[in-house]
Amino acid sequence: MPELPEVEVVRRGLEDHVVGRRITGVEFFGSRVVRRHLPGAPDLAARLVGRRVDAARRRGKYLWLVLSGDDGPGSALLMHLGMSGQLLVEAPDAPDEKHLHARFGFDDDGPELRFVDQRTFGGMAFSELTPGGIPETVSHIAPDPLEEDWDEELVVARMKARDSAVKRALLDQSLVSGIGNIYADEALWRASVHGERLASSLTRPALRRILGHARAVMVEALGEGGTSFDALYVNVNGASGYFDRSLNAYGQEGRPCRRCGTPIRREAFMNRSSYSCPRCQPRPRVRRD
DNA sequence: GAATCTTCCTGGGCGC
DNA sequence: TGCGCCCAGGAAGATT
């Protein structure tokens with residue numbers, strides 16, 4: 001599924017193939033893809049037609065296309081890929097995908113942009129931008145570790161004040177964005193910390209280490225993800241090479257830990273799964289869910 | 001106000 | 001073969 005590195009690959013693809021082009025046609029298939037745009041699909045389409053795409057930006061797993069023609073901070077088409085969303089740049093005569101939800105045509109009659117989503121957790125909406133250039137509807141989302149103005153010390157301080165499990169804090173997008181279940185497990189494995197440890201019980205250096213590992217693993221994934229996509233195909237492919245070769249914990253149940261050889265365990269956590277090494281990442285004495 | 005839980009959704013994989 | 005169930009995931013909104 002698309003995680004932050006994959007979303008960044010998509011953003012770069014949009015920068016290459018969509019920015020600078022003027023939208024001339026918009027089609028939505030079904031209403032679910034625009035469920036966060038309360039005025040509905042016709043309203044969203046009307047807001048987009050005739051607008052040029054000036055930039056493609058990202059925070060965490062949110063993507064947005066900055067639209068031309070506004071005074072002030074501007075406006076954008078905000079998108080989230082959810083679990084299975086794909087943004088594809090394709091020839092207009094290419095066959096429709098089974099789970100096609102939206103199609104955008106441009107004034108140069110070149111490749112169109114399509115939003116395809118099997119599990120329909122993804123979606124899009126129109127949003128005004130704040131003076132800082134962030135869509136208003138996601139202004140509560142904290143910066144992600146790959147942003148230039150990422151303030152690690154601020155995040156460490158806020159985590160230190162958290163009376164909840166450190167993995168829960170890592171997944172809280174208002175604290176730090178872009179870290180999903182996979183990268184949370186990988187960062188905690190690298191730091192040799194169990195995800196149910198209370199964030200407030202960890203030392204500041206330990207929290208720094210965890211955040212540093214989260215950033216590092218995403219940078220490494222971005223490096224690999226960036227090479228596995230065709231230039232004309234803005235793709236999202238969670239099953240690409242990186243996941244097969246480089247994961248140390250996530251999805252590795254029963255396989256030997258690459259550090260100590262102990263079989264990786266899987267545990268239920270927050271209605272999903274957590275993977276960790278029983279020896280390197282001992283569970284805290286008092287379990288917190 | 002903070003922390004936690006529920007809900008949304010589809011299709012692959014599995015057991016029977 | 002076909003049916004039913006479980007699981008995966010992010011984030012908004014509801015609940016504690």
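The values are calculated or read from the model by the stated rules, or taken from the named source; none is laboratory data. All values reported here derive from a predicted model rather than from experimental measurement. Quick reminder, even Gly has a Cβ in these numbers, built from the backbone with ideal geometry, and neighbours come from all protein chains shown. These accessible areas exclude ligands, DNA and RNA; they are computed on the full protein's heavy atoms, side chains included. Shrake-Rupley method; radii C 1.70, N 1.55, O 1.52, S 1.80 Å.
Across segment A:166-182, the qualifying residues are those that are open to solvent by 10 Å² or more (accessible area, probe 1.4 Å) and in a helix (DSSP H, G or I), and the one among them that is nearest to DNA strand C (Cβ to nearest atom) is A:N181. Between A:A76, A:A161, A:A165, A:A102, the distinction of being in contact with a helix residue (DSSP H, G or I) (Cβ under 9 Å, 6 or more places away or on another chain) and closer than 22 Å to A:V34 by Cβ belongs to A:A102 only. For the condition under 20 Å from A:P143 (Cα atoms), assigned by TED's automatic domain parsing to the domain that holds A:V19, touching a residue at least 24 places away in the same chain (Cβ under 8 Å) and β-branched (V, I, T), A:V66 qualifies. Here are A:R158, A:R119: which of them is within 16 Å of DNA strand B (Cβ to nearest atom), open to solvent by 30 Å² or more (accessible area, probe 1.4 Å) and more than 30 Å from A:L202 (Cβ to Cβ)? Within the list A:R158, A:R119, the selection yields A:R119. One residue alone among A:L170, A:L175 is among the aliphatic types (A, V, I, L, M), in the same structural domain as A:S246 (by TED's automatic domain parsing) and under 26 Å from A:R279 (Cα atoms), and that residue is A:L170.
Please work out if A:D163 is touching a residue at least 24 places away in the same chain (Cβ under 8 Å), assigned by TED's automatic domain parsing to the domain that holds A:L207 and either within 10 Å of DNA strand B (Cβ to nearest atom) or surrounded by 19 or more Cβ atoms within 10 Å (Cβ to Cβ) (or both).
Here the answer is yes, as A:D163 does meet what is asked.
Quick one: is A:M83 touching a residue at least 40 places away in the same chain (Cβ under 8 Å) and either within 19 Å of A:L65 (Cβ to Cβ) or small (G, A, S) (or both)? Considered against the rule, which asks whether it is touching a residue at least 40 places away in the same chain (Cβ under 8 Å) and either within 19 Å of A:L65 (Cβ to Cβ) or small (G, A, S) (or both), A:M83 comes out as no. Looking across segment A:116-137 at every residue that is near DNA strand C (Cβ under 10 Å from one of its atoms) and in a loop (DSSP other than H, G, I, E, B), the one that is nearest to A:G60 (Cα to Cα) is identified as A:G122. Residues in segment A:138-165 that are touching a Lys or Arg at 6+ places or on another chain (Cβ under 9 Å), assigned to a loop (DSSP other than H, G, I, E, B) and within 19 Å of A:V7 (Cα to Cα): A:I141, A:A142, A:P143, A:D144, A:P145, A:L146, A:E147, A:W150.
Residues in segment A:259-275 that are out of contact with any Cys (no Cβ under 9 Å at 6 or more places or on another chain) and either without any contact (Cβ under 8 Å) to a residue 24 or more places away in the chain or part of a strand (DSSP E or B) (or both): A:G261, A:R266, A:E267, A:A268, A:F269, A:N271, A:R272, A:S273, A:S274, A:Y275.
Residues in segment A:80-99 that are touching a helix residue (DSSP H, G or I) at 6+ places or on another chain (Cβ under 8 Å) and away from DNA strand B (no atom under 16 Å from the Cβ): A:L87, A:V89.
Identification of strands (runs of 3 or more DSSP E) wholly contained in segment A:62-106 with 2 or more residues that are at pLDDT below 95, within 26 Å of A:N181 (Cα to Cα) and more than 14 Å from DNA strand C (Cβ to nearest atom) yields A:85-90.
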